[in-house]
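Some notes on the structure that comes next.
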Amino acid sequence: MESTQPTSARAPAQDFDWPAIALQVLRSRRLDELEEAQLAPTGEVPYQFSAKGHELAQVLLGLQLTQGHDAAGVYYRSRPFMLAAGLELDEALAAGMGMAGSPSEGRDVGVVFSLPPRRGVTVLPASGDVGAQYTPAAGWAQAINYQTEVLGDRQWQGAIAVALGGEGSVASNGFWSALTIATTQQLPMLFFIEDNGYGISVPGHFQTPGGDIAANLAAFEGLTVLSGSGTEPAETAALVAAAVAGVRGGDGPCLLRLQVPRLAGHTFIDNQAYKDGSELEAELASDPLPALAAHVGQATWEALDRQARQEVAQALERARARRPHDEAAARYLFFDGTPALVGGSRHEPGPAVAAPNLSGPRINMIEAVRGVMEQTLRDNPRAVVFGEDVGAKGGVHGATVGLQAAFGQQRVFDTSLSEEGIIGRAVGMALAGLLPIPEIQFRKYADPATEQINDLGTLRWRTAGKFAAPIVVRLPVGFSKKIGDPWHSVTGEAVFAHTLGWRLAFPSNAADAAGLLRQALRDQDPTFFFEHRALLDSAEARRPDPGPDYCLPFGQAARLLTGDSLTLVTWGAMVHRCLEAAKAFVDRVDLLDLRTIAPWDRKAVLESVRRTGKVLIVHEDTWTAGFGAEVASTIAEQAFEYLDSPPRRLATPDVPIPYSLALMGQVLPGVEAIAAAIDELLTF
Ligand SMILES: Cc1ncc(C[n+]2csc(CCOP(=O)(O)OP(=O)(O)O)c2C)c(N)n1
């Protein structure tokens, strides 16, 4: 095998504890064999992934991540690493069986792991999405620098973040996004690529030209690249040690590519028909175990193997004695008062005032948002604000003007142009104890971050409450007063309302914006915070500054008009159009501004509809499966007998927002259309 020998001056003349390494390798191997021979065929482990062939490389890595604040982003073939990081054999088996007492408590696939630190490394909650492990690891790496340089916490000195991945994952967005972040910022991050030549059945040359990511990255600036065997004990050990020591020692990021065989199918049901006989033979010939046996000596090897087999057999008994998981499946989606073991800001919030100060100076929505961020940065040293153009420029909407000058480039910073990177990095930083407040420049540009958004929403749930990454993502949304278009004018709240584990605020005025943002930053769940472009600097959304402690809990609608004939439910910029339209129907319209979409105030809506008997729901997001459908169906289910007419909706038809104002006027619900709908319903 071709190899780039470690050249780093930091490459240590390390004494490796070969018996300890061999024992971990053997435990992993015997575990895989047990599953393949017995537990997968009988269905006791219904979804089995073997790591045979990868063990040596991973164990060598795992045994070196002991700093205390090291972190690893792993993937489904990382079980040997997990064992080296402190996962018990019976936990590993219980995970595959879906039993209680496993890292996910039966919620996730048995090899999709997470682990609070046991031997010095935190295993970040893994994802089933190939490549999704990279950007959170980059976020942790950035947090290492933040902890030492900004917070002065010397315990983080020398910590590193590692992301493990197969060669298939080097084609993923997450890999490139993290590589950009780590190299441009010179973060202490190791990309640990286990190249087994196949992504399920697809050969490596589909993932990177020529199939060798190390060769292709040889000239990448700011990156140390190492490559070689992941199966020859001395060589693999030297490479892993050099990579870890270089990153720990401050050399900046490193990519280490190790060639390993995959000695089983992708999963248990994959028969590898796409490999021919000679290839399978060659793979068997590069099994790392015989070389390792020779390295430790046959007698020692055999004794260790007996020990490993016995441990695995005993672990099976213990795993089988575990209860099937019996906790409510709905638990841990949101914070329920049980603090996570890893992640979330431990900052003590200031006092909360429930009523806004009504005599403060009038502020617009963008000032309200900026003010809360400024206050948070001042009061909480763990708060960080970032996104595209938020640094020197102060954001394309002006929300962060002056913040970088006031708080410095490590607390308020521009990012590379990758929304996956913005959200994934935020996840890693939150797991490392910071409070990230990322901005996505426009709602539509959250599209590339979808994977990280979805994975974050289930992170607490997947880890049965052990991990949490509360972040508040600010997103300017909707049409602007002067212009529309399909890219900058999306609201799309229905998609986010459907995204599990997230809360969503959609304020219609400056005071609500301040109260909701402050509340979101104190709470423990990931939150989308919508800032409507037409309201950022508009007279209708201007309000007296509600004061520095004003907090507005989520799920509380505001009654803006009181009436007895029709309930009008709306949110965001449509609130102001509805207010205008309702002027012609004095005392008849009960107007509710939902203010938050997740959770939404069902109680207030149902109470109102039970009084009025009629309801109109108005929103800017498109019609089909819009959030209005959710509100309408809830009313139909829970207040049907009170209704005097069918629930009605008015929304943007299922077309994009056009550029020309005339065309835009055709699609957005306008004051006249709203008034006509109210009129029609009242006379129904
Ligand atoms: C985003 C995403 N796309 C596709 C898949 C399906 N899938 C699971 S594993 C895999 C191959 C990954 O290969 P590689 O990264 O080389 O790792 P290996 O399995 O070889 O260790 C694919 C395509 C997935 N899980 N996630």
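The values are calculated or read from the model by the stated rules, or taken from the named source; none is laboratory data. This structure is a prediction, so every number in the text was calculated from the model and none was measured. Quick reminder, even Gly has a Cβ in these numbers, built from the backbone with ideal geometry, and neighbours come from all protein chains shown. Only protein heavy atoms, including side chains, enter the accessible area calculation; ligands, DNA and RNA are left aside. Shrake-Rupley method; radii C 1.70, N 1.55, O 1.52, S 1.80 Å.
Just a yes or no: is a residue in the stretch 146-164 within 16 Å of the ligand (Cβ to nearest atom) and open to solvent by 20 Å² or more (accessible area, probe 1.4 Å)?
Of the residues in the stretch 146-164, the ones within 16 Å of the ligand (Cβ to nearest atom) are 162-164.
With the extra rule that they be open to solvent by 20 Å² or more (accessible area, probe 1.4 Å), the set shrinks to none.
No; the residues of the stretch 146-164 include none that is within 16 Å of the ligand (Cβ to nearest atom) and open to solvent by 20 Å² or more (accessible area, probe 1.4 Å).
Here are the criteria: (1) in a strand (DSSP E or B); (2) under 28 Å from Asp523 (Cα atoms); (3) of a type in the set (A, V, I, L, M, F, W, C). Tell me which single one Ile617 does not satisfy.
(2)
Of the conditions (1) in a loop (DSSP other than H, G, I, E, B); (2) surrounded by 24 or more Cβ atoms within 10 Å (Cβ to Cβ), Ala94 satisfies every one except a single condition; which number is it?
The single condition Ala94 does not satisfy is (1).
Working carefully through the options Ser508, Ser489, find the one that is out of contact with any helix residue (DSSP H, G or I) (no Cβ under 7 Å at 6 or more places or on another chain), buried (at least 24 other Cβ atoms within 10 Å of the Cβ) and assigned to a loop (DSSP other than H, G, I, E, B). Show your work before the answer.
Working: Ser508 fails: out of contact with any helix residue (DSSP H, G or I) (no Cβ under 7 Å at 6 or more places or on another chain).
Just one listed residue meets the conditions, Ser489.
Restricting the search to the stretch 209-248, which residues are within 15 Å of the ligand (Cβ to nearest atom) and open to solvent by 10 Å² or more (accessible area, probe 1.4 Å)?
Listed by number, the residues that qualify are Gly211, Asp212.
Answer yes if at least one residue in the stretch 130-145 is at pLDDT 95 or above, open to solvent by 20 Å² or more (accessible area, probe 1.4 Å) and not in a helix (DSSP H, G or I), and no otherwise.
yes
Determine the pairs where a residue that is farther than 20 Å from Ala178 by Cα, located within the stretch 150-165, has a partner that is hydrophobic (A, V, I, L, M, F, W, C) and surrounded by fewer than 24 Cβ atoms within 10 Å (Cβ to Cβ) with Cβ atoms under 6 Å apart, the partner being 6 or more residues away or on another chain.
Matching pairs, first to second residue: none at all.
Do we find a residue being open to solvent by 30 Å² or more (accessible area, probe 1.4 Å), part of a loop (DSSP other than H, G, I, E, B), over 30 Å from Leu89 (Cβ atoms) and without any contact (Cβ under 8 Å) to a residue 12 or more places away in the chain anywhere in the stretch 343-364? Full working, then the answer.
Restricting attention to the stretch 343-364, the residues satisfying the condition of being open to solvent by 30 Å² or more (accessible area, probe 1.4 Å) are 346-359, 361-362.
Now drop any that are not part of a loop (DSSP other than H, G, I, E, B), which leaves 346-352, 354-359, 361.
Within this subset, residues satisfying the condition of being over 30 Å from Leu89 (Cβ atoms) are 346-352, 354-359, 361.
Restricting the remaining residues to those that are without any contact (Cβ under 8 Å) to a residue 12 or more places away in the chain gives 348.
Yes, some residue in the stretch 343-364 is open to solvent by 30 Å² or more (accessible area, probe 1.4 Å), part of a loop (DSSP other than H, G, I, E, B), over 30 Å from Leu89 (Cβ atoms) and without any contact (Cβ under 8 Å) to a residue 12 or more places away in the chain.
So that you can scan it fast, the table gives a plain yes or no per residue for (1) open to solvent by 10 Å² or more (accessible area, probe 1.4 Å); (2) touching a helix residue (DSSP H, G or I) at 6+ places or on another chain (Cβ under 6 Å):
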| site | (1), (2) |
| --- | --- |
| Glu439 | no, no |
| Lys444 | yes, no |
| Trp461 | yes, no |
| Lys466 | yes, no |
| Ala469 | no, yes |
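Would you please list the contacts, defined by Cβ atoms under 8 Å and residues six or more apart or on different chains, that run from a residue in the stretch 124-136 that is closer than 13 Å to Phe113 by Cα and within 13 Å of the ligand (Cβ to nearest atom) to a residue that is of a type in the set (Val, Ile, Thr) and open to solvent by less than 10 Å² (accessible area, probe 1.4 Å)?
Here the result reads Ala126/Val74; Gln133/Val74, each pair linking the stretch 124-136 to a residue that is of a type in the set (Val, Ile, Thr) and open to solvent by less than 10 Å² (accessible area, probe 1.4 Å).
List pairs: first residue in the stretch 251-266 and without any contact (Cβ under 8 Å) to a residue 12 or more places away in the chain, second residue within 15 Å of the ligand (Cβ to nearest atom) anywhere in the structure, Cβ distance under 8 angstrom, at least six positions apart or on different chains.
Listed pairs, sorted by first residue: none to list.
Take Ala449 and decide whether it is within 16 Å of the ligand (Cβ to nearest atom), surrounded by 24 or more Cβ atoms within 10 Å (Cβ to Cβ) and either modelled with pLDDT of 95 or more or closer than 18 Å to Ala330 by Cα (or both). Spell out the reasoning first.
Working: within 16 Å of the ligand (Cβ to nearest atom): yes; surrounded by 24 or more Cβ atoms within 10 Å (Cβ to Cβ): yes; either modelled with pLDDT of 95 or more or closer than 18 Å to Ala330 by Cα (or both): yes.
For Ala449, the condition - within 16 Å of the ligand (Cβ to nearest atom), surrounded by 24 or more Cβ atoms within 10 Å (Cβ to Cβ) and either modelled with pLDDT of 95 or more or closer than 18 Å to Ala330 by Cα (or both) - is met.
Between a first residue in the stretch 635-652 that is assigned to a helix (DSSP H, G or I) and a second residue that is open to solvent by 30 Å² or more (accessible area, probe 1.4 Å), which pairs have beta carbons less than 7 Å apart while being 6 or more apart in sequence or on different chains?
These pairs meet every condition: Ile635/Pro647; Ala636/Pro647; Tyr642/Arg610.
Go through the stretch 249-277 and count every residue that is more than 28 Å from Glu36 (Cα to Cα) and crowded, with 20+ Cβ neighbours inside 10 Å.
So the count comes out to 4.
For the stretch 278-297, state whether one or more residues are of a type in the set (D, E, K, R) and open to solvent by 90 Å² or more (accessible area, probe 1.4 Å).
Just the residues of the stretch 278-297 that are of a type in the set (D, E, K, R), to begin with: 279, 281, 283, 287.
Okay, now just the ones that are also open to solvent by 90 Å² or more (accessible area, probe 1.4 Å), so 281.
The answer is yes, given that some residue of the stretch 278-297 is of a type in the set (D, E, K, R) and open to solvent by 90 Å² or more (accessible area, probe 1.4 Å).
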